[in-house]
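*Asks:* First the structure, then my questions, so here it is.
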Amino acid sequence: MLDVCFVLSGFPVLSETFVTQQIVGLLERGFDVSIVRDCAPSRRLVDFDAEPFRTLLTKTKPHWIAERWVRPVIDTLPHGIVRSGANAVVDIVSDIRLNGYDVLIAHFGGNGRRLARSKAFGALHRPFLTFFHGYDISIPFHAKEMDKYRRLISSGETLLPACGYFRDILLGAGAQPDSVRVHHTGVDIASIRFEPHPLPSDGLKFLSVGRLVEKKGTEYAVKALGLLRDRRPDLSWTYDVIASGMLISPLRQLVKDLDLEQRVRFLGPQPHEHVVGYLRQADVLLHPCVTAENGDMEACPVVLQEAMAAGLLVVSTSHSGIPELIESGKSGFLVPERDAEALGRQVEDIVDHPDRCKSIRREARAVVERHFNQARLNDALAELIIETAARHPRA
């Protein structure tokens, strides 16, 4: 049995179901799994007493040794070089205990970066895998700051970007091809029933799920539906948004300005099981991702995968890794980023040609089963861990 440790910034996190599914998947495959984290999110959004979290939290401990005493002291230090230096020292000292594991798994580039630093200083001797998911690679790339990962990239440790678009960024930053493998996030296919239903002639239900931040592009969905209302005033529809975030106020104002308050509901964040329920009731998922001004991007969003697996029609954008998930007109629909007119026209076309939808839904489910099936992805990760441990046996 191999000992694996996940190195995380927070756990459990409502929007990071892919992390939880990986951990559970490795436990089911016979690995001994531990977790170190920087912080624990609020119980308001995650039920710590429900499985699998009740079991997983018994395997979780703070990243820093003596966290309870050290962090309050460091928080009193002035910002800048002094505090960052203190953080680095405590990180390096704390990472010494990670040498007791066979393989480490860091989610998001920042955690891989900190492990690479500890390795460079001689405190860490175990191999590790680093997953890149979105902002951790797209923002540095946009800002021309990929050099921040120089130590990680030159370490030769395995890098696991969530899409081919991010793989190409890492290769362009100097990573060796044999150290970079695309590893998609996925969904638990077995738990998602494929329930396609004909588009209703009246009462169409649109849905969006995701944080209300710029890269989700929710404003373009609202604007597109405003255009749809103007062009097709006879058409009845509703739009539910499951999310919270910094853009909630301007989005509410946009809905008010477009006189859509009777059709659009902001439902706030919801537990994953509730999200699945809304997916079953909806007809079309709108997820018009955009590249944010700071460069923040998505990879292959899990909510698109879940919707496709459940039998929804999905409308998204030609953004980052999304074309690796959706072939427009075959397994869903893609429009250009920040183009509310094109998005509205696409939705209208769906309404006018419901006969096309049956085959698109079937193909969408098949794509997720073939390439984004969490069970298969966990099998591949297990093989990679075994392979990595074999190359770096513990003394």
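*Asks:* Which condition number in (1) more than 30 Å from residue 290 (Cα to Cα); (2) surrounded by 13 or more Cβ atoms within 10 Å (Cβ to Cβ); (3) of a type in the set (Asp, Glu) is the one that residue 383 fails?
*Replies:* Exception for residue 383: condition (2).
*Asks:* Further question: If you go through segment 215-236, how many residues are under 24 Å from residue 276 (Cα atoms) and surrounded by 16 or more Cβ atoms within 10 Å (Cβ to Cβ)?
*Replies:* 9
*Asks:* Same structure again: Of the residues 313, 279, 267, which single one is more than 27 Å from residue 353 (Cα to Cα) and in the same structural domain as residue 351 (by TED's automatic domain parsing)?
*Replies:* Every option except 267 fails the conditions.
Yes/no per residue for (1) in contact (Cβ under 8 Å) with a residue 24 or more places away in the chain; (2) in a helix (DSSP H, G or I):
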| residue | (1), (2) |
| --- | --- |
| 205 | yes, no |
| 215 | yes, yes |
| 230 | no, yes |
| 239 | yes, no |
| 245 | yes, no |
| 249 | no, yes |
| 255 | yes, yes |
| 269 | yes, no |
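*Asks:* Of all residues in segment 186-203 being under 29 Å from residue 20 (Cβ atoms) and either part of a strand (DSSP E or B) or of a type in the set (D, E, K, R) (or both), which is farthest from the chain's Cα centre (by Cα)?
*Replies:* 195
*Asks:* Quick check on segment 352-369. Is at least one of its residues assigned to a loop (DSSP other than H, G, I, E, B), surrounded by fewer than 17 Cβ atoms within 10 Å (Cβ to Cβ) and in the same structural domain as residue 220 (by TED's automatic domain parsing)?
*Replies:* Checked segment 352-369: at least one residue is assigned to a loop (DSSP other than H, G, I, E, B), surrounded by fewer than 17 Cβ atoms within 10 Å (Cβ to Cβ) and in the same structural domain as residue 220 (by TED's automatic domain parsing).
*Asks:* Next question. Considering segment 316-337 alone, what residues qualify as being in a loop (DSSP other than H, G, I, E, B) and closer than 14 Å to residue 288 by Cβ?
*Replies:* Matches in segment 316-337: 318, 319, 320, 326, 336, 337.
*Asks:* Identify all residues within segment 119-161 that are in a helix (DSSP H, G or I) and aromatic (Phe, Trp, Tyr); write none if there are none.
*Replies:* Within segment 119-161, 135, 141, 149 meet the criteria.
*Asks:* Still on this structure, I have one more. Restricting to segment 71-128, name every residue that is out of contact with any Lys or Arg (no Cβ under 8 Å at 6 or more places or on another chain), among the aliphatic types (A, V, I, L, M) and either surrounded by fewer than 14 Cβ atoms within 10 Å (Cβ to Cβ) or at pLDDT below 95 (or both).
*Replies:* 73, 81, 82, 86, 89, 90, 93
The values are calculated or read from the model by the stated rules, or taken from the named source; none is laboratory data. Since this is a predicted model, take the numbers as computed values, not measurements. As a convention, Cβ positions derive from the backbone with ideal geometry for all residues, glycine included, and neighbour counts pool all protein chains shown.
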